[in-house]
Amino acid sequence: MTTEPYASARRVFWIVDNGSSYRGKKAVDRLTKAFSNAILVHTPVHASWTNQIEIFFSIVRRKAVQPNDFTDLTQVRDRLRAFEDRYNATAQPFQWEFTTSDLDDLPARLDRHAPADRQEESSVALAA
């Protein structure tokens, strides 16, 4: 954050999962105090941050890297930079389809798929 381009950026988004060391208002306040241009963004509770990265890299692969008919690294660099410019100009936030109601229904859905002898155990574990 103390080197360019981050130091002079108007906003720098830090995307994190919901780990306990950077969850909640205290974490946001700590980051803002240290770096006033930093914005902490949490991925949805039910999603791993690596899933979000995998989604983005899948988009890059499909939209920029294929077909992989490059003759040198300069072409790779140029295509990726052109994709980045276009993506940043047109990108829209992902629409999360997993709602809080889905989260509330999750224990019952898991029970429906668990063997009969494990149903009670799974409900108790999720309730805890």
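The values are calculated or read from the model by the stated rules, or taken from the named source; none is laboratory data. All values derive from a computational prediction rather than experimental measurement. Please note: Cβ atoms are built from the backbone with ideal geometry, for glycine as well, and neighbour counts cover all protein chains shown. To get the accessible areas, we keep the full protein, side chains included, count just its heavy atoms, and leave off ligands, DNA and RNA. Shrake-Rupley method; radii C 1.70, N 1.55, O 1.52, S 1.80 Å.
At a Förster distance of 25 Å, what's the computed FRET efficiency of Val16 paired with Leu110, Cβ-Cβ distance as r, to 0.05?
After rounding, the FRET efficiency stands at 0.40.
Enumerate the calculated ³J(HN,Hα) couplings along the range 105-110 in order (Karplus 6.51 cos²θ - 1.76 cosθ + 1.60, θ = phi - 60°), each rounded to whole Hz, writing x wherever the residue is Gly or Pro.
For the range 105-110, the Karplus curve yields 7, 4, x, 5, 5, 5 Hz.
In square angstrom, rounded to the nearest 10, how much accessible surface does Glu54 have for a 1.4 Å probe?
That residue has around 120 Å² of solvent-accessible surface.
Which of the aspartates and glutamates could a cross-linker bridge to Lys63, judged by Cα under 19 Å and excluding same-chain residues fewer than eight apart?
Excluding near neighbours in sequence, the set is Glu54, Asp72, Asp78, Glu84, Asp85.
Would you mind working out the accessible area per residue for the range 24-113, using a 1.4 Å probe, and quoting it in Å²?
Here the per-residue accessible area is 80 Å².
How much of the accessible area of the range 29-102, probe 1.4 Å, is carbon plus sulfur, in whole percent?
Answer for the range 29-102 is 55 percent, counting heavy atoms of protein chains only.
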